[in-house]
Amino acid sequence: MQKLFLLLAPSLLTLIEGVLLAAAVALILFSSKKSSGRDQPPTLLAIERGFGRLARRKRLAVLVVGFSVIAIRVALIPILGVPQPAAHDEFSYLLAADTFAHGKLTNPTPPMWVHFESFHIIQKPTYMSVYPPMQGIVLAAGELLGHPWIGQVFATALMCSALCWMLQGWLPPSWALFGAALAVLRLGILSYWMNGYWSTSIVASGGALVLGAWLRLRKHLRTRDALLMSLGLVILANSRPYEGLVLATVVAFAMLFWLLGKHRPSFRQSVPRVIFPMFFALAIATAATGYYYYRVTGSPFRMTYQVEVETYAAAPFFIWQTPRPETSYHNEVMGDFYRWEVKVFERNRTVTGYPRRAAQYLISWWYFYLGPLLSLPLLALPQVVRESKMRLPLAICAAMVPALAVETWNMPHYFSPATCALWLVVVQGVRHLRHWSPARRPLGTALVRAIPVLACAMILLRVTAAMVHVQIEVAWPRGNLKRATILRQLQHFPSQQLVIVVYDPGHNFDREWVYNDADIDAAKVAWARDMGTDGNQKLLSYFKDRRVWRVNADSASPMLQSYWAAKPPEQLRAVDQRKSESILP
């Protein structure tokens with residue numbers, strides 16, 4: 001039984017969702033033979049009328065959507081807890097957040113920087129995250145409010161509200177609210193966009209602002225909409241610039257055809273209301289972004305990511321590029337990681353490796369965005385494709401396919417700028433599905449009603465499983481809980497602390513512990529790599545007033561040990577191995 005669970009674990013939730021959907025479809029088909037569908041439950045009709053009344057009050061609907069995300073997730077904190085960072089990217093974003101929260105654009109290189117090197121962080125010419133600044137700004141807002149995750153919660157609420165606002169420009173109010181509700185249930189409560197520190201929600205918000213403003217510009221030619229589109233473009237440029245550029249390019253061509261086409265607005269109207277406002281807004285944003293990179297890298301035209309590639313990474317960003325010559329590394333963990341990246345890059349360029357990689361990404365993308373439940377509306381895709389109004393969102397989704405296909409690395413959130421377009425296609429598919437009535441049986445209406453009900457059922461199931469500790473997915477709360485436990489312990493000590501982190505041979509790169517605050521010298525806890533007794537001596541002399549610890553991060557139960565009392569790393573690993581073996585069944 002345990003082997004079966006381990007085999008099914010990666011897709012267990014999807015399997016459960018598929019079974020529930022199949023059962024619901026079977027029930028609807030069976031019930032429709034006995035009923036004409038004309039008699040509707042009064043309670044259901046009352047709920048739908050109330051839903052329609054809320055949807056028609058568009059501004060209120062947008063606010064309710066965002067507030068519901070915050071209220072539901074906060075209410076679940078006693079059950080699901082507050083997530084902890086785990087992935088390299090999350091710690092990198094948190095470094096940017098801590099920097100911005102202290103009123104700085106970047107940090108000077110730490111004097112002992114060799115001991116603090118870590119992934120997706122540069123140490124020279126300044127000490128900073130390699131990523132664009134938008135995600136860090138989101139988490140910095142949360143840090144100023146008390147905890148970085150607060151920023152993530154508000155950003156996810158903003159994303160769902162932005163999707164609702166976007167859909168209101170393209171669809172009738174009730175369908176816009178329906179689509180926003182699906183976003184809340186699918187993306188807003190239990191996804192890693194909410195329960196982590198990736199800040200991907202702000203990227204999806206940028207895409208929603210661009211697509212939502214586009215149709216409003218065509219209808220009303222308002223400066224307000226031009227500025228909202230500009231804001232969306234600025235968010236994309238400063239969060240996921242490559243994938244955001246893909247969306248922006250498709251929308252730019254659509255705008256060009258509109259401004260120069262047969263039904264174009266007069267230049268007397270479009271220039272002062274659209275072109276000039278967008279030009280000045282984007283010019284100011286470009287100057288601000290350039291200044292940011294000037295402070296971080298020394299050049300307004302040099303992104304922080306480029307510095308990391310030149311300093312550490314050998315594997316290029318696109319599969320057609322050639323790996324860079326390997327650089328020298330100050331410690332083996334860093335070197336092993338970047339050499340592993342090159343191996344993955346080379347494997348993904350082989351005849352068998354590339355299809356396997358593409359299939360893995362496509363499956364993970366489908367798991368995250370659609371699953372069985374939201375794949376159902378895609379049965380109406382042939383009808384959606386024939387609608388001229390849907391050409392732009394379909395073009396955005398189509399353009400993302402080749403753009404993502406040539407990237408070396410892929411995760412579901414790389415598609416996030418086009419979330420708005422995908423959601424618009426899905427909701428339009430639901431609209432067509434509602435009218436599906438074979439043999440004059442209103443099956444479509446029942447299927448559409450079943451979608452949000454099953455989405456709610458999946459959330460209820462997952463929360464209940466977490467309450468009773470039945471593991472149908474990764475346990476809650478999420479993140480590197482072992483490191484977080486050690487950190488909380490250290491923060492209760494009266495003085496400043498220094499932790500020398502030791503890893504076992506064959507260390508899992510995804511379980512990195514060496515990440516620090518923006519101001520390492522002033523931080524209560526500093527995490528450093530073990531560089532041997534002689535290599536550590538300069539660091540210990542520099543931090544002579546700190547209490548020094550050593551911890552084996554790969555131990556089954558990591559424990560703090562006094563650096564001066566602990567045995568050398570090789571003996572420490574052997575002791576930890578014996579402890580781990582003694583607790584095995």
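Side notes on the structure shown:
- Selection within region 100-122: residues that are hydroxyl-bearing (S, T, Y) and touching a strand residue (DSSP E or B) at 6+ places or on another chain (Cβ under 6 Å). The member of this set that is nearest to S541 (Cα to Cα) is T109.
- Residues of region 168-178 satisfying the condition of being under 12 Å from A208 (Cβ atoms) and surrounded by fewer than 24 Cβ atoms within 10 Å (Cβ to Cβ): Q168, G169, W170
- In region 489-521, residue surrounded by the fewest Cβ atoms within 10 Å (Cβ to Cβ) [restricted to those that are free of Cβ contacts under 8 Å to residues at least 60 places away in the same chain and polar (S, T, N, Q)]: S495
- Lone qualifier among L256, L231, L190, L185 - being on the phi < 0 side of the Ramachandran plot, in contact with a helix residue (DSSP H, G or I) (Cβ under 8 Å, 6 or more places away or on another chain) and without any contact (Cβ under 8 Å) to a residue 60 or more places away in the chain: L231
- Subset of region 528-563 [under 15 Å from H115 (Cβ atoms), assigned to a loop (DSSP other than H, G, I, E, B) and hydroxyl-bearing (S, T, Y)]: Y563
- For region 486-527, filtering for residues that are in contact with a Lys or Arg (Cβ under 9 Å, 6 or more places away or on another chain), among the aliphatic types (A, V, I, L, M) and in a loop (DSSP other than H, G, I, E, B) leaves 2.
- From the list I451, I486, I459, I472, the lone residue that is touching a strand residue (DSSP E or B) at 6+ places or on another chain (Cβ under 7 Å) and among the aliphatic types (A, V, I, L, M) is I486.
- Restricting the search to helices (runs of 4 or more DSSP H) fully inside region 370-485 and requiring at least 1 residues that are over 30 Å from L233 (Cβ atoms) gives 371-375, 381-385, 419-434, 443-467.
- Test: residue in region 109-116 that is buried (at least 16 other Cβ atoms within 10 Å of the Cβ), outside any helix (DSSP H, G or I) and in contact (Cβ under 8 Å) with a residue 24 or more places away in the chain: yes
Yes/no per residue for (1) free of Cβ contacts under 8 Å to residues at least 12 places away in the same chain; (2) surrounded by fewer than 19 Cβ atoms within 10 Å (Cβ to Cβ); (3) part of a loop (DSSP other than H, G, I, E, B):
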residue	(1), (2), (3)
I72	no, yes, no
S118	no, no, yes
P125	no, yes, yes
M128	no, no, no
G136	no, no, no
L139	no, no, no
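- Of the helices (runs of 4 or more DSSP H) lying entirely inside region 247-357, the ones with 2 or more residues being within 25 Å of the chain's Cα centre (by Cα) and not assigned by TED's automatic domain parsing to the domain that holds A237 are found at 276-297, 304-311, 332-348.
- Residues that are within 30 Å of S437 (Cβ to Cβ) and modelled with pLDDT under 95, drawn from region 388-413: S388, K389
- Selection within region 318-359: residues that are surrounded by 12 or more Cβ atoms within 10 Å (Cβ to Cβ) and polar (S, T, N, Q). The member of this set that is farthest from N410 (Cα to Cα) is N331.
- In the set (1) touching a residue at least 24 places away in the same chain (Cβ under 8 Å); (2) over 23 Å from the mean Cα position of the chain (by Cα), the condition left unmet by S437 is number (1).
The values are calculated or read from the model by the stated rules, or taken from the named source; none is laboratory data. Just so it is clear, the model here is predicted, and its values are computed rather than measured. Note: ideal-geometry Cβ built from the backbone for every residue, glycine included; neighbour counts use all protein chains shown.
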